[in-house]
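Each remark here refers to the structure printed beneath this line.
The values are calculated or read from the model by the stated rules, or taken from the named source; none is laboratory data. Computed from a prediction, not measured in an experiment: that's the story for all the values here. When we count neighbours, we look across all protein chains shown, and the Cβ atoms used for this are built from the backbone with ideal geometry, even at glycine. Accessible surface areas use protein heavy atoms only, side chains included; no ligands, DNA or RNA. Shrake-Rupley method; radii C 1.70, N 1.55, O 1.52, S 1.80 Å.
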Amino acid sequence: RRARPGGGDEEVPVEDLAQGDVVHVRPGERFPVDGVVREGRSEADEQLVTGESRPVPKAAGDAVVAGALNGSGFLAVTATAVGEDATPARIGRLVARAQLAKAPVQKLVDKVTAVFVPVVVGLAALTLVGWLVAGGDWGEALGAAIAVLVIACPCALGLATPAALVAG
């Protein structure tokens, strides 16, 4: 709800809000913009944005974040960032950029894995052929080749590193 110049407020789409507009946020509503509290006292549940598990007290002069949930009081907020400039949109852009970029360690792992996997598969094939040539039966030869694959498996490089990066 945007404050009217003559008093009261009007409901407007978030897209129509601009920096400097005064927005009225009632109890239980989400803040539609980043801003500074102009008047009122309440608390804001900012867990979605900051991870803070407890509501944060808000009064005149305090900053609020778009997407946070207003607590039990009425607040008039002066918008400092709206739409694509607001915190949730900025976080979304940062996450997208981080997902597209590879960490330096991931680039190194990709290079090592590109060489390591063919070498290990080649060694397993040589082991299979070596056991067969040395007179071992098919079961022993296959067991030895599988042992080479299991022991030298690059799964720690190929799977654990990307998983650790995603978790981090």
I'm trying to understand the selection: among the residues of the stretch 125-168, which are out of contact with any Ser or Thr (no Cβ under 8 Å at 6 or more places or on another chain), at pLDDT 90 or above and of a type in the set (A, V, I, L, M, F, W, C)?
A125, L126, L128, V129, W131, L132, V133, A134, W138, L142
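Rundown of residues vs (1) under 30 Å from G67 (Cα atoms); (2) exposed (fewer than 11 other Cβ atoms within 10 Å of the Cβ); (3) within 20 Å of the chain's Cα centre (by Cα); (4) hydroxyl-bearing (S, T, Y), yes/no style:
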{"site": "V95", "(1), (2), (3), (4)": "yes, yes, yes, no"}
{"site": "L100", "(1), (2), (3), (4)": "yes, yes, yes, no"}
{"site": "V105", "(1), (2), (3), (4)": "no, no, yes, no"}
{"site": "V117", "(1), (2), (3), (4)": "no, no, no, no"}
{"site": "L123", "(1), (2), (3), (4)": "no, no, no, no"}
{"site": "L132", "(1), (2), (3), (4)": "no, no, no, no"}
{"site": "G136", "(1), (2), (3), (4)": "no, no, no, no"}
{"site": "A141", "(1), (2), (3), (4)": "no, no, no, no"}
{"site": "V148", "(1), (2), (3), (4)": "no, no, no, no"}
Which of the residues that make up the stretch 65-82 are out of contact with any Gly (no Cβ under 6 Å at 6 or more places or on another chain), part of a loop (DSSP other than H, G, I, E, B) and of a type in the set (G, A, S)?
A66, G67, A68, G71, S72
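Could you check, for the stretch 80-91, whether at least one of its residues is more than 30 Å from C153 (Cβ to Cβ), of a type in the set (S, T, Y) and open to solvent by less than 50 Å² (accessible area, probe 1.4 Å)?
yes
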